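For reference, the structure is listed below as structure tokens.
The values are calculated or read from the model by the stated rules, or taken from the named source; none is laboratory data. Since this is a predicted model, take the numbers as computed values, not measurements. Don't worry about glycine lacking a Cβ; one is built from the backbone with ideal geometry, like all the others, and counts go over all protein chains shown. Areas reflect the complete protein model, heavy atoms only, side chains present, ligands, DNA and RNA absent. Shrake-Rupley method; radii C 1.70, N 1.55, O 1.52, S 1.80 Å.
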Amino acid sequence: MSERRYGEWVAVRRDGFVAELVLDRPKAMNAVSSEMARCIAAACAALAEDRDVRAVVLTSTHERAFCVGADLKERNSLSDAEMMRHRPVSRAAYTGVLELPMPAIAAVHGYALGGGFELALSCDLIVADPTAVVGLPEVSVGVIPGGGGTQLLPRRVGAARAAELIFSARRVAAGEAHELGLVDRLAAEGEDRAEALELARRIAANSPVGVRAAKKALRLGQGLDLRAGLEVEDAAWRTVAFSGDRAEGVAAFNEKRPPNWPGE
């Protein structure tokens with residue numbers, strides 16, 4: 001396994017075709033400061049360019065928190081002009097995760113609140129353990145979810161459910177979060193990271209060309225009517241139909257052997 005640091009608080013660990021994007025600011029429960037946001041964005045930019053990465057798992061080194069959201073101590077010290085300069089930096093962190101071309105899985109335990117939950121929502125799948133507490137409490141401090149929450153949450157749970165959760169600013173424990181679809185899998189306590197990594201390895205065993213194209217079709221097709229969505233799917237199919245991965249996949253199936261994906 002290899003590790004590369006992005007500043008003081010973000011790391012990327014590589015194990016084969018799976019990358020782990022690690023939030024590592026334990027003294028602040030991974031509160032996202034301007035510098036940490038820059039580092040998340042930089043790490044995501046590097047991952048997006050790496051054709052050998054087939055799946056990403058977003059994890060935390062803090063025992064009691066995934067991420068508690070924006071660094072409100074820093075925000076309290078910013079002038080209005082500084083807040084406006086900070087906004088593109090903050091957005092780049094969330095869009096960096098959201099726009100990863102390969103599947104991304106969040107491994108959540110403890111608190112995932114505000115921007116912390118939005119980082120998880122920016123992933124394709126969320127694995128949580130029973131200690132997880134999620135929520136978007138921004139309106140309780142006079143703002144709104146600004147890391148994609150108002151758009152990503154209704155796509156998961158529907159407009160009315162998202163409105164109730166955002167307007168009430170309430171925190172949701174793991175069991176209810178799973179029932180409502182706020183998280184996708186419940187792992188045993190302390191096993192969220194291990195289960196997310198195992199899922200990532202299963203994904204990484206499949207065609208990287210096929211998986212990336214499937215993710216693109218899923219993302220671009222959201223919100224479209226069926227006919228338009230099927231056109232998105234057809235366009236994605238055309239990008240893989242004559243790929244080396246397709247040829248290798250068919251050959252491996254017929255020869256009854258594991259595929260050796262060329263990734264192109």
Within the accessible area of the stretch 94-171 (1.4 Å probe), percent carbon and sulfur
60 percent
If you count only protein heavy atoms with a 1.4 Å probe, what accessible area per residue comes out for the stretch 1-116, rounded to a whole Å²?
46 Å²
Distance in nm between pseudo-label sites at Glu231 and Ser77 (7 Å out along the Cβ direction from Cα):
5.2 nm
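What dipole magnitude, in Debye to the nearest 20, does the stretch 1-135 give about its Cα centre under +1 on Lys/Arg Cβ and -1 on Asp/Glu Cβ?
In total the dipole reaches around 180 debye.
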Taking every alpha carbon pair in the stretch 152-264 and sorting the distances into 5 angstrom bins from 0 up to the bin holding the longest one, the percent per bin comes out as 2, 10, 13, 14, 14, 16, 14, 10, 5, 2, 1, 0
Find how much the distance from Arg85 to Phe253 grows on full extension, using 0.36 nm per residue of separation minus their present alpha carbon separation; answer in nm with one decimal.
55.1 nm
Under 5 Å from the placed amide H of Val108, counting only residues 5+ away or on other chains, we find Val127, Ala128, Asp129
Probe radius 1.4 Å, ligands and nucleic acids ignored: give me the carbon and sulfur share of the accessible area of the stretch 1-87 as a rounded percent.
49 percent
Looking at the chain, send over the antiparallel percent of its DSSP beta bridges, to the nearest 5.
40 percent
Rg (Å, one decimal) plus Dmax (Å, integer) for the alpha carbons of the stretch 1-91?
14.1, 45
Counting only residues 5 or more apart in sequence or on a different chain, those whose built amide H sits under 5 Å from that of Gly114 are Gly135, Leu136
With every protein chain in place, the stretch 200-264: carbon and sulfur % of accessible area (1.4 Å)
59 percent
Give the Rg/Rh ratio for the stretch 55-162, taking Rg as the radius of gyration of the Cα atoms and Rh as the Kirkwood radius, to two decimals.
0.96
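Would you mind calculating the relative contact order of the chain from Cα pairs under 8 angstrom and at least 6 residues apart, reporting the percent as a whole number?
Dividing the mean separation by the residue count of the chain yields 15 percent.
Given the -39500 (n - 2.57) contribution per DSSP H run of 4+ residues, what per-residue ellipticity at 222 nm results for the chain, rounded to the nearest 500 deg cm²/dmol?
For the chain, the value works out to -15000 deg cm²/dmol.
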With the calculation restricted to Cα positions, what are the radius of gyration and Dmax of the chain in angstrom?
18.9, 65
Once fully extended, how much extra length lies between Arg202 and Asp52, figured as 0.36 nm per residue of separation less the alpha-carbon to alpha-carbon distance?
52.5 nm
List the residues, sorted by chain then number, that are 5 or more residues from Ala55 or on another chain and whose placed amide H is less than 5 Å from its amide H.
Ala19
As I understand it, the value is the acute angle between the Cα axis of helix 208-221 and the longest principal axis of the Cα atoms of the chain; what does it come to in degrees, rounded to 10?
50 degrees
Among Gly249, Gly142, Gly116, whose mean-square fluctuation peaks in a Gaussian network model of the chain (Cα, cutoff 10 Å)?
Gly142
